[in-house]
1. Can you tell me which residue is least open to solvent (accessible area, probe 1.4 Å) among those in region 734-792 that are over 29 Å from Gly699 (Cα atoms) and small (Gly, Ala, Ser)?
2. Of the conditions (1) more than 18 Å from the chain's Cα centre (by Cα); (2) of a type outside the set (Asp, Glu); (3) in a helix (DSSP H, G or I), Ser41 satisfies every one except a single condition; which number is it?
3. So which residues in region 52-71 are among the hydrophobic types (A, V, I, L, M, F, W, C) and modelled with pLDDT under 90, if there are any at all?
4. Can you confirm whether Ala561 is within 19 Å of Val612 (Cα to Cα) and open to solvent by less than 70 Å² (accessible area, probe 1.4 Å)?
5. Which pairs do you get when a residue that is within 17 Å of Arg49 (Cα to Cα) and buried (at least 19 other Cβ atoms within 10 Å of the Cβ), found in region 353-376, comes within reach of a residue that is basic (Lys, Arg) and at pLDDT 90 or above, reach meaning Cβ atoms under 6 angstrom, with the pair 6+ apart or on two chains?
6. Taking region 552-591 as the region of interest, how many residues are closer than 15 Å to Leu618 by Cβ and in a helix (DSSP H, G or I)?
7. Select from region 171-180 the residues that are under 12 Å from Phe136 (Cα atoms) and open to solvent by 20 Å² or more (accessible area, probe 1.4 Å) and list them in ascending order.
8. Quick one: which helices (runs of 4 or more DSSP H) lie wholly within region 195-302 and hold at least 2 residues that are open to solvent by 20 Å² or more (accessible area, probe 1.4 Å) and under 30 Å from Glu422 (Cα atoms)?
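The values are calculated or read from the model by the stated rules, or taken from the named source; none is laboratory data. Given the structure is predicted, the values throughout are model-derived calculations rather than measurements. Because the Cβ atoms are built from the backbone with ideal geometry, glycine has one as well, and the counts that use them run over all protein chains shown. These area figures cover heavy atoms from the full protein model, side chains too; ligands, DNA and RNA do not enter into them. Shrake-Rupley method; radii C 1.70, N 1.55, O 1.52, S 1.80 Å.
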Amino acid sequence: METLIQDLRYAIRMLLKKPSFTAIVVLALAIGIGANTAIFSVVNAILLRPLPYKHFERITMIWMDNPKLGVAEDWHSYPNYIDYKDQNQVFEDMAAFNDRSFNLTGTGDPARVVGVWTTASLFSVLGVEPMLGRAFTEEEEEPGKDLVVILSNGLWQRRFGGDPGIVGQPINMNGVNRTVLGVMPASFAFPEKKTELWIPLALTPERKQARTLISYKAVGRLKPGVTLEQASADLGPIAKRIDDEYFQSGYGINLVKLHSQETGKVRPALLILLGAVAFVLLIACANVANLLLARAAMREKEVAIRLALGAGRLRIVRQLLTESALLAVAGGGVGLLLAVWGLDALVALSPADIPRLDQTGIDGRVLAFTLAVSLLTGLVFGLAPALQASKPDLNDSLKESGRGSTSGKSAMRIRSLLVVSEIALSLVLLVGAGLLIRSFMRLQQFDLGFNADNLLTMRVQLPGSKYREGKQVASFYQQLLERLGTVPGVHSVGAISDIFLTDTPNSTGFTIEGRPVAVGAEAIEVPLDSVSPGYFKVMGIPLLRGREFDDRDVDGAPPVAIINETFLRRFFPGEDPIGKRYVYGGPDPQNPWITIVGVVGDMRRTGFDRPVRPETFLPEAQATANALTIVARTANDPASFATALRNEVWAIDKDQSVYDIKTMHETLSEMRSQRRFNMLLFGIFAAVALTLAAVGIYGVISYSVTQRTHEIGIRIALGAEKSDVLGLIVGQAMTLAGIGITIGIAGSLIFTRLMAGLLYGVSATDPATFGVIAVLLAGVALVACYIPARRAARVDPMVALRYE
């Protein structure tokens, strides 16, 4: 211990003697360690921290595998759920639920809140109890006994001021009073963080028997010791029996652990970003190692004297590693401060749908990670210089004029190797950033099939308790569209049930008249969307054949539909579909045939990176939907019309909430937010890496020029031109750059394949990106080495010949 204290004191004195050197090293390390700490904090909060549920590792989402829809995570019917719950041998319990939204009125303006219909077993499955009040009982799953609600902590605080007396009080939801049973803890947000209340799932006997009504998700808690594979093997035969008896559609079962369910979409991007910041840290280590090698050359005589006086090599190495460790710990401390500052910016820039991002912070695990990274970093960048400095040629080093062995070929080889490594790592990061940038540019330029300019959207959902009949719903929306169309500055308005499709849209199978009931690959499901007259014109979606919906397509008139171009190409290739008929499901006297009256252009309703599906659209008057998205084309900035459009809704029904009011460009920006976030962070890391690599090249070449001053003077004295000297120095640097670029390209071919899932419209091995980045890095290397090379070419031979 005494020896360690001596080493620490000596290391501190040595570092304080060179404050500028110490500051540069600490800053370089702080950047690398701080970036790693910040990203690890996010990884820790999202991927590593346990869910706030009892035995969370056993909680599993239970999905229907639906090959007809091409969706592995589809919902269940209630009878299917009951069969799984009653017949399985591997789950302690299961719960069914369904996401819904509700009009909340009575306190302030009408608001739309996201809620869940759920069986009473949900809270026991998750192992969570309300912080106030109680959970549901099975009795409250019966119609008439279900007029109760449990609030989220956020809604309780925001809407009701955190009043503990809210328990037992009624609140108005969708025009119905429900008694508040309890308030959940702040950490509880199931199934999504935007969920704000829970209501008992009370079904009528008819709905409990509706085998084909696919409307519910399911979650269960596995018995102790049961693996996911064992659970799948148990539920698989149940799924097959259900499918054989009721569907004959190839439906199966798909189990996903809840933790994986929540993090699956962001896990690949986070792990790749963590790898990227690790590269930044390695580059910083290489730079610091180069600085320490240069410093070791200046301390060579000191080390030689200590060795000559009897100090062992191990003692010297330990002393130098102590200095490195101090630098690393100091860099880690400053890096931790940078990480705390950077986390706020990181969270602010992040997409809103990343789970548990708001829980990101510096906890014990993050502190341990920072300390471990700091110490490991000290070992990584300090070991090579320490070993090199601890074996000088004593005879040469102790000469008054000697420059020592550390400045010889061995040290120069190490420095060159470090620069090559920096360039290679930088190229990998730059290629990754370049691919993400190109991918994002492709998204920006992508044709979505409609005109997003000056388009405002808003969501309206009429409560069934107040609008019980289809005529009431149709009348409301007809009146609303007429009023909105008269707002000054609004050119046109329309409505559709959903502009963009989720993974599990409202969809069903169908049969075309004159053809057999579809089987196999043709037995697909198509979305059903209610559309108002004029919707396609408002959106700027081209009408390719036939007509749009109009006043003829009312309730009681012959049912009609419009299909998209993909539907046309797949099911009517080379035919005119106008006048052709189809039916949802199979032919049935109670199921009328629907006549196709129009074909519209394809629209990217499933997102940027998924193929367009065959789609069908029905007139809203014939397929009444309580929930519609209103779209308005405006003369100028659509955001400025939000208040006016909301007021028109309230003029018809003062208790009707209006929500998700956004411009179309805002919606598209949110859809691109994850890719923009990845691109931005990767670009920052790549820029830092490029800067560090340029500094590294400059440092090595500058040091090389200093060490070769005498040689350069002789060359000039013997007649060498400045251009010869310039070419010699630049050639040396560009050789290193060329080797680094070659290794970096090979590494990039491996690394970018791992990030293929983050790209859109760009190959992971895109030659143009690789070529541009290689040229860019070569240009930076040329600039970095030109300055010291130019200085070398101006050396005065008389001064150089006297240089020692």
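1. Applying the filter and picking the extreme gives Ala764.
2. Of (1) more than 18 Å from the chain's Cα centre (by Cα); (2) of a type outside the set (Asp, Glu); (3) in a helix (DSSP H, G or I), only one is false for Ser41: (1).
3. In the first step, residues of region 52-71 are kept if they are among the hydrophobic types (A, V, I, L, M, F, W, C); the result is 56, 59, 61-64, 69, 71.
Leu69, Val71 - these are the residues of region 52-71 that are among the hydrophobic types (A, V, I, L, M, F, W, C) and modelled with pLDDT under 90.
4. Working: within 19 Å of Val612 (Cα to Cα): yes; open to solvent by less than 70 Å² (accessible area, probe 1.4 Å): yes.
Considered against the rule, which asks whether it is within 19 Å of Val612 (Cα to Cα) and open to solvent by less than 70 Å² (accessible area, probe 1.4 Å), Ala561 comes out as yes.
5. Once the first residue is within 17 Å of Arg49 (Cα to Cα) and buried (at least 19 other Cβ atoms within 10 Å of the Cβ) and sits in region 353-376, no partner that is basic (Lys, Arg) and at pLDDT 90 or above comes close enough.
6. In the first step, residues of region 552-591 are kept if they are closer than 15 Å to Leu618 by Cβ; the result is 552-564, 567, 581-585, 591.
Checking which are in a helix (DSSP H, G or I) leaves us with 567.
Summing the residues that are closer than 15 Å to Leu618 by Cβ and in a helix (DSSP H, G or I) in region 552-591 gives 1.
7. Going through region 171-180, the residues under 12 Å from Phe136 (Cα atoms) turn out to be 179-180.
Answer for region 171-180, where residues must be under 12 Å from Phe136 (Cα atoms) and open to solvent by 20 Å² or more (accessible area, probe 1.4 Å): just Thr179.
8. Values: elements: 205-208, 228-242, 258-263, 267-298.
Per the criteria, 267-298.
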